[in-house]
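Just below is one structure, and these are the notes that go with it.
The values are calculated or read from the model by the stated rules, or taken from the named source; none is laboratory data. Everything numeric in this text was worked out from a predicted model, so none of it was measured. Every residue, glycine among them, receives a Cβ derived from its backbone with ideal geometry; neighbour counts consider all protein chains shown.
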């Protein structure tokens, strides 16, 4: 059943939830969210938001009653459950990605790798907003290390692979989505850009983007599964349902922090920098 597995790698807060929902809106695709969280399904010791669908909660028709076995790889089981031949996983953990690539290697499933890139200053700003008490230098060094290791994984991957900039996706979503459909060897479908109108069942991922899906579908956002800070809630309540470039970092990021980031991670950010 499972013909293709598309992995979206990179650093958290780079737009992978948005990209996954867009691709998952194709009739042949199912977006798992962060499939690594399948390890937490039905585990009462884990926080609720890490072990249930971020849209449906416990009553999810995909994850709610899915009991995984060791007899088949994860993506084959998900594909059979959803009746979709293409599964998409946006887990960033490189150990997980390596394990899953090894698991599907003996199968007929074809792996694809998308390296989703975003200006590191924007990512840092999002992480500061989410983790205001964390040491800034540590956040920068964590970003730099993840970028270095992801670059290494991408370079060593010998199947179909592509780099995509979040900023280009948000600025010209149709062009980028068409390119990705060509990459995945599927037809472009216009409803993909109206991802918020489609049915989704992601594990993990960005609360704000999922808030838009819930809002568009007339569903009440499920606390504590999807929770937004006061600042983020205001931003997403004012956010149109269409795809929009988020450049809040340009106003919010302290100039001293920008300088520190450039000093520590400027080299790694050179390819990702977005000045438009």
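Being at pLDDT 95 or above and under 20 Å from the mean Cα position of the chain (by Cα) is the filter here, so list the residues in the stretch 248-270 that pass it. Passing the criteria: 249, 269.
Among the residues of the stretch 40-57, is any part of a helix (DSSP H, G or I) and modelled with pLDDT of 90 or more? Yes, the stretch 40-57 contains a residue that is part of a helix (DSSP H, G or I) and modelled with pLDDT of 90 or more. For the stretch 41-51, a residue qualifies if it is in contact with a strand residue (DSSP E or B) (Cβ under 9 Å, 6 or more places away or on another chain) and either within 14 Å of residue 78 (Cβ to Cβ) or without any contact (Cβ under 8 Å) to a residue 12 or more places away in the chain (or both), and exactly one does: 41. Of everything in the stretch 87-113 that is outside any loop (DSSP other than H, G, I, E, B) and surrounded by fewer than 16 Cβ atoms within 10 Å (Cβ to Cβ), the residue that is nearest to the chain's Cα centre (by Cα) is 94.
If you check 37, 84 for being closer than 28 Å to residue 161 by Cα, touching a strand residue (DSSP E or B) at 6+ places or on another chain (Cβ under 6 Å) and part of a loop (DSSP other than H, G, I, E, B), only one passes: 84.
Taken over the stretch 187-202, the criterion of being surrounded by 19 or more Cβ atoms within 10 Å (Cβ to Cβ) and either assigned to a loop (DSSP other than H, G, I, E, B) or modelled with pLDDT of 95 or more (or both) is satisfied by 192, 200, 201, 202.
Return a yes/no flag: does the stretch 141-152 have any residue that is in contact with a strand residue (DSSP E or B) (Cβ under 6 Å, 6 or more places away or on another chain) and over 26 Å from residue 208 (Cα atoms).
There is no residue in the stretch 141-152 that is in contact with a strand residue (DSSP E or B) (Cβ under 6 Å, 6 or more places away or on another chain) and over 26 Å from residue 208 (Cα atoms).
Do the conditions hold for residue 174, that is, is it assigned to a helix (DSSP H, G or I), at pLDDT 75 or above and exposed (fewer than 14 other Cβ atoms within 10 Å of the Cβ)? So residue 174 passes the test. Residues that are surrounded by 14 or more Cβ atoms within 10 Å (Cβ to Cβ) and assigned to a helix (DSSP H, G or I) within the stretch 152-171 comprise 153, 154, 166, 167, 168, 169, 170, 171, listed in sequence order.
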